[in-house]
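Here the structure comes first, spelled out in structure tokens, and everything after it is commentary.
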Amino acid sequence: ALGVLSMDTTVRASHGMAVTGLLDTFGLPGATHPVTQAANSDVVVLVGCNPGQTTPALCRFLDRVRERRGNVIVIDPRRSETIKKDDIWLQLRPGTDNAVLGAFIHWILQYAQIPVDQLIKQSDAPNIVLSEIMGAYERHKSGKYKNWKKVDATLSEPYSIFQRMKNHFERYDLDKITRISGVDIHLLRRACTLLART
């Protein structure tokens, strides 16, 4: 297309082979998880893709979600055949999808009923990370050692990964994100509420 003969990309070098392998293994060229998981989901989020055109087999599973009164959230600047009447379509400015995803994380960390015991067992949220003080790294004084690392079972320690993540995403409030992305604030709030519920 560019008239350059010596161009090479990762699409040919790595992803091309992955697509072939995924097609042979799962019957779909793009997803690395079983698509049946989508059919059993309460909320499915599609970011910048149009399975209605690229992977029609996935649309059957999205239809099953809709039949069960589940929700499909589509984050895309363009309207596509994937979007159905009751879906939440977050139409945004191109290149601002990370801001919208940050708004999801902000909302979930602020308003969701997060099961602390699951976070502690299944994630690195309670881990206390190195803090930079006066140009030198030192381990924070509080917290208890679990195996070889310090953890905070209450998730209240300021240097725990959970609290650092919460502090980082505080700036992603919905008003700011709607100004950045152009997404309708009511639709964004509705999508955030659905995600926080799951």
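The values are calculated or read from the model by the stated rules, or taken from the named source; none is laboratory data. The structure presented is a predicted model; accordingly, all values stated were derived computationally and were not measured. Every residue, glycine as well, gets a Cβ built from its backbone with ideal geometry; the counts of neighbours run over all protein chains shown. When the accessible area is computed, the model is the full protein with side chains, heavy atoms only, and any ligands, DNA or RNA have been set aside. Shrake-Rupley method; radii C 1.70, N 1.55, O 1.52, S 1.80 Å.
Where strands (runs of 3 or more DSSP E) fall entirely within region 68-171, those with at least 3 residues that are closer than 21 Å to Val44 by Cβ, at pLDDT 90 or above and open to solvent by less than 90 Å² (accessible area, probe 1.4 Å) are at 71-75, 88-90. Applying the selection to region 172-182, what residues are in a loop (DSSP other than H, G, I, E, B) and buried (at least 19 other Cβ atoms within 10 Å of the Cβ)? Result: Tyr172, single match.
Among residues of region 179-198 that are on the phi > 0 side of the Ramachandran plot and touching a residue at least 40 places away in the same chain (Cβ under 8 Å), those with a Cβ under 8 angstrom from a residue that is of a type in the set (D, E, K, R) and exposed (fewer than 15 other Cβ atoms within 10 Å of the Cβ), sequence gap 6+ or separate chain, pair up as Gly182/Arg93. Criterion applied to Gly21, Gly52 was being open to solvent by less than 40 Å² (accessible area, probe 1.4 Å), over 19 Å from the mean Cα position of the chain (by Cα), modelled with pLDDT under 90 and within 25 Å of Leu187 (Cβ to Cβ), and the one residue passing it is Gly52.
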